[in-house]
Amino acid sequence: MIRGVPELPDLGPVVREQPYPLLFATVSGAHLYGFPSRDSDVDLRGVHLLPLREVVGLTPGPETVARSWVREGVEMDLVTHDLTKFARMLLRPNGYVLEQLLSPLIAHSTPVHAGLVALAPRLLARHHARHYRGFARTQTGLFEKTGELKPLLYAFRVLMTGVHLMRERELQADLPSLLAAGGAPTYVPRLVAAKAAAEHGLLSEVEDTPPVSRILADLGTLHATLDTAEERTTLPADPADASAALNDLVLTARLG
């Protein structure tokens, strides 16, 4: 059972089955974003630690391990990165890995995980606005092609996460929490409720929703809000200041 998500299966055996020691594993995806459906799969994300011989030798171990399967009737999707690769990703404009690191839905944790979490405030930067802006455009394009609620909610979620990060210097991935803070169109909570009933539900199946043109205009407004928040943020341009501390953490975990 994962802390905060009692309906999910016990993931302890999943952690123990992995080919390399896991430094942490958390739940991402719709469960983290606050709009899982009854048939949503479980997106597990985390970090593994390759043995030293598979890092310095001529035959390197896998920087990324991925697998999908069904456990207790629930579709599981697990992706982990070696610590060194994950650390490099943390220094790039990649809000996705930060969300994985800071997810409160924890399946497995270690002191290295705690160390990474402690460094997280120094990894937040203005360049993450670029990640959320680009992700929102991709998801909006998927919504326009499919009419599904899922990519539409992803678009709203990432834009609002980006705005909150720029303004508050805090990463918040949970859409209901972001909605409670205000700044979203009033119809979005109805979309969240409809998504909970069907993983691939369509906007056209939801009553009392505005036309697509209005929704796209509202997303455009959120894009403009993110642009302004990025211009005014007090976050540093990039997390270069945290690079040395992150490097020390990786070396200690690898060599210690």
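Taking every protein chain into account, the 1.4 Å probe leaves GLU168 with about 110 Å² of accessible area, to the nearest ten.
Expected output is a single nm value to one decimal: the length gained when fully extending between SER109 and GLU72, i.e. 0.36 nm times separation in residues minus the C-alpha distance. What is it? Show your work: numbers first, answer last.
On the way: separation 37, 0.36 × 37 = 13.32 nm, distance 2.29 nm.
Net length gain for the segment: 11.0 nm.
The label point for ALA217 and the one for GLU63, both projected 7 Å from the Cα toward the Cβ, are 4.5 nm apart.
Here MET76 sits with roughly 0 square angstrom of accessible surface, probe radius 1.4 Å. Each of LEU52, LEU78 has its accessible area taken with a 1.4 Å probe; listed largest first, they run LEU52, LEU78. For the stretch 78-120, the solvent-accessible area with a 1.4 angstrom probe is 34 square angstrom per residue.
A cut-off of 5 Å between modelled amide H atoms, ignoring neighbours fewer than 5 places along the same chain, links LEU23 with VAL47, HIS48, LEU49. Using 10 Å bins from zero, what percent of all Cα-Cα pairs in the stretch 153-256 falls into each bin? Once binned at 10 Å, the Cα pair distances of the stretch 153-256 give 13, 35, 25, 16, 10, 2.
When the chain is treated as a Gaussian network with alpha carbon springs shorter than 10 Å, the biggest mean-square fluctuation among SER28, SER37, SER204 belongs to SER204. Cα extents for the stretch 1-137 along the principal axes, largest to smallest and rounded to whole angstrom: 42, 36, 28. Mean sequence separation of contacting Cα pairs (under 8 Å, at least six apart), scaled by the length of the chain, corresponds to a relative contact order of 23 percent. The alpha carbons of the stretch 25-101 occupy a box of 46, 30, 13 Å along the principal axes, longest dimension given first.
Can you send over the carbon and sulfur percentage of the accessible area for the chain, probe radius 1.4 Å, protein chains only? Please report the intermediate quantities before stating the final value.
Details: 6480 of 12000 Å².
Answer for the chain: carbon and sulfur cover 54 percent of the accessible area.
For trypsin sites (Lys or Arg not before Pro), the sites in the stretch 12-90 that DSSP calls loop and that have at most 11 other Cβ atoms within 10 Å are ARG38. Spin-label pair GLU144-GLU54: with each label point 7 Å from Cα along the Cα-Cβ axis, the two points sit 4.3 nm from one another.
The values are calculated or read from the model by the stated rules, or taken from the named source; none is laboratory data. Nothing here was measured: the structure is a model prediction, and the numbers come from that model. When we count neighbours, we look across all protein chains shown, and the Cβ atoms used for this are built from the backbone with ideal geometry, even at glycine. Remember, those area values only see protein heavy atoms, side chains included, never the ligands or the DNA or RNA. Shrake-Rupley method; radii C 1.70, N 1.55, O 1.52, S 1.80 Å.
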